């Protein structure tokens, strides 16, 4: 049972529980979708460990868990598109950009599935999504800086959500670029260095997201008052 | 690949991919703080500008009223006096009907002179407040009560300081006139209470009426224009504050607090 509780699953679970407590009464649709997204992520992680253990126990008769993360990619692409639509729509008409980005990811996704099936990870789709998320975050920050109105960023939920994602994808990009050299480095008997980098980036991501959720809660309370 | 190379690589990766977003985050936060400061400064400048404009408008208005007041006294007053003298000098022998009409004309002219002097004094506020704010208020009340439509109660609590502030007196007097004008125009009141109170270097002027009142939240932006907004702006010019309390059918209370003298 303890094998199900890793740095990743624990940080995701904490974020999901906090989101459930703080955002379940939120009237903003996007934040309620965020709870569902976190639930799907947690579910994928736990199922991922389950399938991994099953696979390691009997490699011949079981498939690896990669197909599960390929499914998660669709939910990630959909939710990130929705969230960026929510972030950018305050400043510009972002419908076309968001739909184009989502369609492009889906084209890559289908192309990769056709090319190598579902049991190999859609690396190209993930890299494309990563690039689009980083561009989207930069564009959001640019619009934020350009905006004449002042927003108290210290308690802006949307801002901290985007910051968390940017940090996560920046670190992931770095790790991906140097993966060939980094994944040989053994830090502890159980794990390679890349494991700790990914775990660290996850903690940073969910740390920022937890803060974003708390900020959102403050925003709701302030609106009510 | 040696251990040293890997360590260096990790350092570079950390530097580029962790410090870059951190730098971006710090930049955004600093820029945002500057933006806040800029907006605050702009708002302050706008406030100062508005206060200057109001002050200039008041000065022009005051000057215009002084001129009208002086003209009424010096020109029209003289003409009316001359008319009265001329009418008095007419000698009619035995024509009672004409005598009656001339007496009526003399009476009307005398009343006009009296009214005009009263009005002239009210317009020439600086002369009026020269006698003291208390006297100026009494003069204004006298003018209001002449219409016969209002019962005005006036109380002056606390001894006024020996050293007065003519500028503040004049603006407070003009605020009072504005408030009373508002009551006459909109309030449908019958009783007006005015209270002047001086305590702990703060002068408080309170005007209360038993009129129809209003709901402050229901007022459209344009409706607050000349009346209530002017009162607050004028109070702000003398470093004071005006509070307006009103409810439908419960009358209105306007209080002006200002450091004095």
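Just so you know, all these numbers are worked out from the coordinates, no wet-lab data involved. Since the structure is predicted, the reported quantities are computational estimates derived from the model, not experimental observations. For neighbour counting, all protein chains shown are included, and Cβ atoms are generated from backbone atoms with ideal geometry for every residue, glycine included.
Of A:206, A:50, the sequence from fewest to most neighbouring Cβ atoms within 10 angstrom is A:50, A:206.
If R0 is taken as 56 Å, the Cβ-Cβ distance between residue A:222 and residue A:121 corresponds to a FRET efficiency of 0.85.
How high is the FRET efficiency from residue B:66 to residue B:22, r the C-beta distance, R0 60 Å, rounded to 0.05?
Values: r = 66 Å, r/R0 = 1.09.
Calculated value: 0.35.
With helices as the sole contributors, chain B gives -19500 deg cm²/dmol at 222 nm; each DSSP H run of n ≥ 4 counts as -39500 (n - 2.57), and the sum is divided by every residue.
Of the beta bridges DSSP finds with both residues in the range B:110-261, what % are antiparallel, to the nearest 5?
Details: 22 of 29 bridges.
In the range B:110-261, DSSP labels about 75 percent of beta bridges as antiparallel.
With an a/c value of 1.5 or above and a/b larger than b/c for the gyration tensor axes a ≥ b ≥ c computed over the alpha-carbon atoms, the protein assembly as shown is described as prolate. For residue B:57 and residue A:146, a Förster radius of 56 Å and the Cβ-Cβ distance give a FRET efficiency of 0.90, rounded to the nearest 0.05.
GNM on chain B, alpha-carbon springs under 10 angstrom: the most fluctuating residue among B:229, B:172, B:18 is B:18.
When a/c reaches 1.5 or more, the comparison of a/b and b/c decides; with that in mind, is the range B:132-261 rounded, prolate or oblate per its Cα gyration tensor? The partial results should precede the final answer.
On the way: a/c = 1.89, a/b = 1.30, b/c = 1.45.
Judged from the Cα gyration tensor, the range B:132-261 comes out oblate (a/c at least 1.5, b/c at or above a/b).
For chain B, rounded, prolate or oblate, judged on the Cα gyration tensor with a ≥ b ≥ c (square roots of eigenvalues), a/c < 1.5 rounded, else prolate if a/b > b/c? Prolate, since a/c reaches 1.5 and a/b exceeds b/c.
Mind checking A:148-155 for the average number of partner chain beta-carbons within 10 Å of each residue's beta-carbon? Write out the running numbers ahead of the final one.
Working: counts 3, 2, 8, 3, 2, 8, 3, 0.
Mean partner shielding for this stretch: 4.
When B:107, B:169 are sorted by how many other C-beta atoms sit within 10 angstrom of their C-beta, beginning with the fewest, the order is B:107, B:169. The distance between label points at residue B:29 and residue A:39 comes to 3.4 nm (points 7 Å beyond Cα on the Cα→Cβ vector).
Here the simple spin-label model places points 7 Å from the Cα toward Cβ, and for residue A:180 and residue A:63 these points are separated by 3.0 nm.
Can you sort B:209, B:93, B:167 from fewest to most other Cβ atoms within 10 Å of each residue's own Cβ?
Taking fewest neighbouring Cβ atoms as first place, the list is B:93, B:167, B:209.
The angle between the Cα long axis of helix A:193-224 and the longest principal axis of the Cα atoms of chain A comes to about 30 degrees, rounded to the nearest 10. The slack between residue A:103 and residue A:27, meaning 0.36 nm per residue of separation minus the straight C-alpha distance, is 24.5 nm. Taken along the Cα-to-beta-carbon direction at a fixed 7 Å, the label points for residue B:155 and residue B:212 span 2.9 nm.
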